[in-house]
Amino acid sequence: MKKGIIRIKDKVYFEYYQLYKPDKRDLKYYHNSVRINNQLQIEYLKDKKEYEASKQLIEVKNVAKSKYSKYWFFNVIRDKFGKIEGKAVKNNQPCKAEIKGGSAKIIELTKE
């Protein structure tokens, strides 16, 4: 589960909170052992990949927009007339989301 904020444009997107940019110079301060350096290199590459991913917007799949409203809703329940009920999603609203396969699913809306 990742923390971030909601961005509303033509669709609803999830944006990570900015992560710390990993610095390759930090690797030289550790032991010179090959095993440790290889492990640190792997951790550095993993952190760098996650940092690069945090700069991109990810489309949210579990939201819907009502025909009768300009708002997007999360935890949607539709009745037989097509009316939508759920929690309204606002731009720049903090949330927690689960990311799978290039799309996000909002788990929880937060106030922080």
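Residues whose amide H comes within less than 5 Å of that of residue 108, counting only those at least five positions distant or on another chain, are 96 (H built at 1.01 Å from N in the peptide plane).
Taking all Cα-Cα distances within region 53-96, those exceeding 15 Å account for 47%.
As a calculated quantity, the FRET efficiency between residue 90 and residue 48 at R0 = 35 Å, using C-beta atoms, amounts to about 0.65.
Any read-out appearing in this document is the output of simple, stated calculations on the displayed coordinates, not a laboratory observation. If you're wondering where the values come from, they're calculated on a predicted model, not measured in any experiment. A quick note on method: Cβ atoms are made from the backbone with ideal geometry, for glycine too, and the neighbour counts reach across all protein chains shown.
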